[in-house]
Amino acid sequence: CGIDSPLSPRSALVAAPALPAPNVHSPIFACQSSADMDGLTQGAIVEVFADAVSLGTFCTCWGAVHVNLPRQLMVGEHITAKQLMINPGVGCNIDGALSGPPPGVPVIPPDSRIEPSIRPVLYDGDHALRVRNQISGGEISLFARDNMGAPEIELGRVGSSQYEEIALNDPLRAGQIIRASQTLCGHTEFSDPLTVDRKSTRLNSSHITI
């Protein structure tokens, strides 16, 4: 509206301390091609290491990230990360601490913790479903049977993703029993089965209070 606000009080700039060490999440499985971490400083450059060898850098805009790595990880490697800020234009060169404890988060063989799960509820006519706990580098397979006594058929396979939703070639049918598997580095785990429900044609009554 053409009206200027008063100036804010003066603030003194102080030298920035060293950036804190990122927190690399565990577990990290063999053949996985991503890592989760938090404790990041917005605007910092983050470098990721496997056994002290750099896997690359990225600039973070968030305090926590899911970062894709340039290759699959191997059993026995140890993953660490550090963050720094470099801006020669303003004389900024702040180093950070390496994540710990040393030697870092170990890469281990896949185990039962890669078990996927299908989000309920599944309805007749659905063209997609959502699978949780997908591990990057893995493969998700979907299976269906018409009833408990019917043979199970494979609906298809897709690479694991950070996004849960998986599109289906054909819509689900009421009464089908659906389950998913995840395979990572040759190790496979299956989800609990989930039965497809009929869509309700009856609306719940509602009450309006004035």
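Brief remarks follow.
- When restricted to Cα atoms, the stretch 52-163 yields an Rg and a Dmax of 20.6, 71 Å, respectively.
- Centre separation in Å (Cα based) which lies between the stretch 41-105 and the stretch 115-167: 33 Å
- Cysteine residues of the chain whose Cβ has no partner cysteine Cβ closer than 4.7 Å: Cys1, Cys59, Cys61, Cys92.
- Shape box of the stretch 1-108 [Cα atoms, principal axes, largest first, Å]: 62, 31, 23
- 3J(HN,Hα) along the stretch 41-54, derived from phi through the Karplus expression 6.51 cos²θ - 1.76 cosθ + 1.60 where θ = phi - 60°, amounts to 9, 4, x, 7, 8, 10, 10, 10, 10, 10, 6, 6, 9, 5 Hz, with x in place of Gly and Pro.
- Taken over the C-alpha atoms, the stretch 97-210 has Rg and Dmax values of 18.7, 64 angstrom.
- In a fully extended conformation the segment linking Ser5 and Asp36 would gain 6.9 nm over its present Cα-Cα distance, using 0.36 nm per residue.
- Here r is the Cβ-Cβ distance between Ala97 and Tyr163 and R0 is 41 Å; the resulting FRET efficiency, rounded to 0.05, is 0.80.
- Dividing the radius of gyration of the alpha carbons in the chain by their Kirkwood radius gives 1.16 for Rg/Rh.
- Dipole-positive endmost among Pro171, Phe143, Gln72 within the stretch 61-206 (Cβ charges, Cα centre): Pro171
- Residue-by-residue Karplus 3J(HN,Hα) for the stretch 24-33, coefficients 6.51, -1.76, 1.60, Hz, glycine and proline x: 8, 6, 10, x, 10, 9, 4, 6, 5, 10
- Here the Karplus curve 6.51 cos²θ - 1.76 cosθ + 1.60, taken at θ = phi - 60°, turns the phi angles of the stretch 108-124 into couplings of 10, x, x, 9, 4, 6, 8, 4, x, 9, 8, 6, x, 10, 9, 10, 3 Hz, with x standing for Gly and Pro.
Coordinate-derived values only; no laboratory data. Just so it is clear, the model here is predicted, and its values are computed rather than measured. Every residue, glycine as well, gets a Cβ built from its backbone with ideal geometry; the counts of neighbours run over all protein chains shown.
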